[in-house]
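In what follows, a structure is listed as structure tokens, so that the remarks can point back to it.
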Amino acid sequence: MQENEEKRFTFSVEGMTCSSCVRIVERSLRKMDGVHFVSINLGTEKAYVITDKNITFEDIKKQVDSTGYKAIEKTKGKEKVEEDFLYARKRLFTSLVLFFPVTFLMIFHMAGYHMPWFEAFEAFAGALAIFGPGRSIYRGALIAARHFHANMDTLVGLAAFAAWVTALLNISSIPVTSFGSISVMLIALHLAGRYIESRLRYRASSEIRSLLEMRPSTATILIGEKEEEIPIENVPVGALLVVRSGERIPLDGIIKQGSAYIDESMITGEPLRVHKRESEEVTGGTVLESGFIKLEVIRTGEDTFISRMIRLVEDAQSSSVPIQSFADKITGIFVPAIFSLAFLSALLWFFFYENLSLYLLKVAHIIPWVIPQGQLSHAIFIFIAVLVIACPCAMGLATPMALVAGTGLAASKGLIIKNGEAMQKAHEIKNIFVDKTGTLTKGSPEVTFTNLSDRDLAFALTLEKASIHPFALAIKKFCQEKNIKELKAQSIKEIAGEGVYGIVDGHEVFIGRPEDPQIYNQSMKRGETIIELKIENHIAGYFAISDPIKEDAAAAISMLQGLGINVFMLTGDNTTTAMAVANSLGIKNVISNVRPEEKLMAISEMQKKGMNVAMIGDGINDAAALKSADLGIALGSGTDLSIESADIIITSNRLSAIYDAIKISRLTYDKIKGNLFWAFIYNIIAIPIALAGLLHPVIAEICMLFSSINVVLNSLKIKKGY
């Protein structure tokens, strides 16, 4: 299946509460014919699906809806995310109206101030909590039950219901201690956790919201000599827009008149102003700090740079990392196992209560809530405590919240990390191959010398007009400045890593890699690249081209080496030129004179040795290498093909952003591992304590709540730790 025959969908899924819910939806989607890839992020409630071209969103929506959850075509924007946490707050506040009086009266009741009507009040308050703000919990539990699964809602809902039933049994004169207050407290504390998660999720998605806010709602369009302000969605490609000092550029375009200093920090992550002149491209969302321009719109809607950037960040935040599959498998076994364990422990306490009550009396002197409450009452007490303490919500949030924070930080640094798998791969990288032209160098080469006649220059210009390689652009610019006119041509063919062939004015012509580079040794020692012109298989002459090294290249290489990464220059240029550049940058490993397929082989050879390899490039000849590497990194200034082939995109030409990508990935992955570790440790320690009857259900719910909050807060520390 070729990539252009695939469709990609990013959408929201509502109603999920834990990793079990995610697993139900993912499993259902994977059963569809024509679905190749499914990834859902619980933290953002976003799904990313790759399918055959004949699959529609309606097909996907129908499949998701059949699981009991709801697929929404638009991903959640600022308003929806804010709406979610406001709704969570409303449910929390409603439950707290019941929580505070019930808790206050329970404390008095336990202190010896017995009220004859208290158990009836517990039953009434429990009913209001369960059938009021707690309905969403039981709705989630019911969805899971329909698919023969148990989730976090199942455990909390069952525990709260069991506690409420004890109040009903007590007021019916059945000798059971009432735990009705616990039903209200469990629901209130659980909804408090949901609200805090929702609030922190809103904070974590701030980078996406800031990108959305960069899109102006209107644009000033020039109609004849008259200026009109119209909605941004009504501006067509080709329209002439007017932008003044202090205004945000509405859409991507080319300057037709004027010049300006542009703040491009949203693209580069660096607070530097860039001077733009006529014929240069500007990006929608950037700010015109000083000057006046008229620009022609070249992209609108979903094709604009900022829309593509937002879409890629959303896709990344909708993904998961391979390590999460391990956690999901554990969770899938964990929930039913805990339910079984809670049930068996309740039976054990019920049947062996007389023997165990002596143990309770001894412990009661140390822990006030551990008191013998009767055979059935204590069995229910244990059942509730085990169910609540074992809720795996922290495990479900461990990966997605770290991904949201990590990809958001990356976006603020001018980086797009396409998916969670790329984040994990970047963490493991120890070897990086770097292309030379346009990656280590500025990609804006200039012709420094040529021995070609004007007639020969016309042959060169005609062939190079068919190429977008940086050297071709330099030759075209050189020829145009000399007013050279192109000739008639046919059968033009560009071979990546070689050059361009064609029939020009009836002659067989080739321009590209020299047959014998050694005859140009002096130029190459200066770091210049030689482009040779052949007419009828005879050398007509050459161009010496110089491409300045990027200002931050040496620092970027040094920082990568400081991370323990081996840097290799992988270039199609000749050895002499490549070594001149490598020596100036401190790169010790150089592989030169390689064609695109040989770049592939170099990467493959290292992978065969069990090494993880990254490739950084920007051109057509880098696309295959970017795709075959364990991690492909493309410059946003590169070709569409290289960007499509990459896992990470640097939206600026800032080479030091590679260091940022690796550092952020390592930090995020470490946070994911830390989150999972503490989530597992919490359960390993807490469950035996609950089984031993030492944990009150309310304290268990508070512990579970703080475990989830700890995971979210730990994820948000990614920004502070960078």
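Quick look at the values:
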quantity: Using θ = phi - 60° and Karplus 6.51 cos²θ - 1.76 cosθ + 1.60, couplings along segment 129-134 (whole Hz; Gly, Pro as x); calculated: 5, 5, 8, x, x, x
quantity: DSSP-defined antiparallel bridges as percent of all bridges, segment 436-592, nearest 5; calculated: 90 percent
quantity: Phi to ³J(HN,Hα) by Karplus 6.51 cos²θ - 1.76 cosθ + 1.60 over segment 455-469, Hz, x for Gly, Pro; calculated: 4, 5, 4, 5, 4, 4, 4, 4, 6, 5, 4, 8, 10, 10, 5
quantity: Dimensionless Rg/Rh of segment 3-75 - Kirkwood Rh, Rg from C-alpha atoms; calculated: 0.93
quantity: Principal semi-axes in Å for segment 390-510 [√(5λ), Cα gyration tensor, largest first]; calculated: 50, 15, 12
quantity: Amide H partners (placed H, <5 Å) of Phe433, local residues excluded; calculated: Phe568, Ala614, Met615, Ile616
quantity: Under 17 Å from the Cα of Lys362 - aspartates and glutamates, other chains or at least 8 residues apart; calculated: Glu354
quantity: FRET efficiency for Leu361 and Ile689, using Cβ-Cβ distance with R0 set to 25 Å, rounded to 0.05; calculated: 0.85
quantity: Phi-based couplings in Hz for segment 525-537 (Karplus 6.51, -1.76, 1.60; Gly and Pro marked x); calculated: 5, 7, x, 7, 9, 9, 10, 9, 10, 10, 10, 6, 6
quantity: Full-stretch length increase - Ile681, Leu713 - with 0.36 nm per residue and alpha-carbon distance subtracted; calculated: 9.8 nm
quantity: Interchain or long-range residues, amide H under 5 Å from Gly572's placed H; calculated: Lys436, Val594
quantity: Simple label model, 7 Å out from Cα along Cβ direction - Phe104 to Asp33, nm; calculated: 6.4 nm
quantity: Computed lengthening from Ser558 to Glu508, 0.36 nm per intervening residue step minus Cα-Cα distance; calculated: 13.4 nm
quantity: Spherically averaged projected area of segment 217-303 from its Cα convex hull (nm²); calculated: 5.2 nm²
quantity: Virtual paramagnetic centre 7 Å along Cα→Cβ of His114, amide N under 19 Å, in segment 343-385; calculated: 369-378
quantity: Entries of Lys7/Lys62; Lys476/Lys525; Lys294/Lys482; Lys673/Lys717; Lys436/Lys534; Lys493/Lys525 with Cα pairs more than 21 Å apart; calculated: Lys476/Lys525; Lys294/Lys482; Lys436/Lys534; Lys493/Lys525
quantity: Shape metrics for segment 446-546, restricted to C-alpha atoms - Rg then Dmax, Å; calculated: 12.3, 36
quantity: Long-range HN-HN contacts of Ala540 with modeled amide H, under 5 Å; calculated: Leu533, Lys534, Ile535
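No lab work stands behind these numbers, since they all come straight from the coordinates. Note that the coordinates shown come from a computational prediction; the quantities given were computed from them, not determined experimentally. Virtual Cβ from ideal backbone geometry, glycine too; neighbours counted across all protein chains shown.
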